[in-house]
């Protein structure tokens, strides 16, 4: 940022998403009621335009915590007794009863899988675990080709069925293992947003692990400003800033969870069809949508698909996206016209 600018950008949240307030030099950023905590192996942040009359911030915090714990208890692969973990151990070919919430998220997952021709695939869990990006990470250990081929036999969204009434899941291959980490955080954001709306909060920003949903405006009457990270290793710097009101933002990239071996980068973005981490030049994908759950899933699917396919899918499905690709002399941006409308110059 230009040091001679008449305004400063004040960082308010620095975990996952970057939420900004522009303020005049020497001025303090407006006070924002907020609650924070941990869920799904990451941090969450909730910022409110105001606390409704007759409501205590501490009570809202407890409700948010409780709701996130409920979702984690359904969809976590880290908890042995979660609904999802119990389904993953199920080797029968009959229907496995689940909550309507889990069935709804799996149904949305399968829909995105079909639309991305399998680039997004929640059954990729065995390969994620094989590459040591799962619940027991041991980064730097390379699996053999034989191990990759073995685990690929357990992957394929076509081998999973879901029904909503009564809610249930069914495997057509006993080794199917579901990992909803690329969609469940977005769902959790939407659920917390719904809770806040029910409690009469007129404006908020909800963020879980970098996935964001907004409503209304900040206490100063301005839209919520969200920083999209530059996809550089071991740094926290901003590539773009978007202004959101009533919209969600999700970003997927290869620059946070990865290892390098023999000069080659291996990220947690696994291509379900090859069994290997993606190797194209796409470094990150950001998606703006009404639904954070869908933005979350689409960001992962487009990241796996690669830059050309991501732009084609965005046109086919009316998605608002920002792609950041690595070039020899730095980064290159490609975005839809709709996404561009949300951009704010960082020095403004």
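The values are calculated or read from the model by the stated rules, or taken from the named source; none is laboratory data. Everything numeric in this text was worked out from a predicted model, so none of it was measured. Cβ placement follows ideal geometry from the backbone for every residue including glycine, while neighbour counts extend to all protein chains displayed.
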Residues located in segment 93-109, provided they are in contact with a strand residue (DSSP E or B) (Cβ under 8 Å, 6 or more places away or on another chain) and buried (at least 19 other Cβ atoms within 10 Å of the Cβ): 98, 102, 103, 106
Residue in segment 291-308 that is in a loop (DSSP other than H, G, I, E, B), in contact with a helix residue (DSSP H, G or I) (Cβ under 7 Å, 6 or more places away or on another chain), at pLDDT 90 or above and under 22 Å from residue 119 (Cβ atoms) present: yes
Where residue 142 falls short, out of the listed (1) under 21 Å from the mean Cα position of the chain (by Cα); (2) touching a residue at least 24 places away in the same chain (Cβ under 8 Å): (1)
Number of positions in segment 293-345 that are within 30 Å of residue 101 (Cα to Cα), touching a strand residue (DSSP E or B) at 6+ places or on another chain (Cβ under 6 Å) and free of Cβ contacts under 8 Å to residues at least 24 places away in the same chain: 1
For residue 330: the one exception among (1) modelled with pLDDT of 95 or more; (2) more than 30 Å from residue 150 (Cβ to Cβ): (1)
Flag for residue 297 being crowded, with 23+ Cβ neighbours inside 10 Å and within 16 Å of the chain's Cα centre (by Cα): yes
Which numbered condition residue 176 fails, given (1) part of a helix (DSSP H, G or I); (2) at pLDDT 95 or above; (3) over 30 Å from residue 212 (Cβ atoms): (1)
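Here are 90, 131: which of them is in contact (Cβ under 8 Å) with a residue 60 or more places away in the chain and surrounded by fewer than 17 Cβ atoms within 10 Å (Cβ to Cβ)?
Working: 131 fails: surrounded by fewer than 17 Cβ atoms within 10 Å (Cβ to Cβ).
On inspection, the qualifying residue turns out to be 90.
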Selection count where residues are farther than 21 Å from residue 154 by Cβ and in a helix (DSSP H, G or I), scope segment 70-102: 7
Selection count where residues are touching a residue at least 60 places away in the same chain (Cβ under 8 Å) and in contact with a helix residue (DSSP H, G or I) (Cβ under 9 Å, 6 or more places away or on another chain), scope segment 102-112: 7
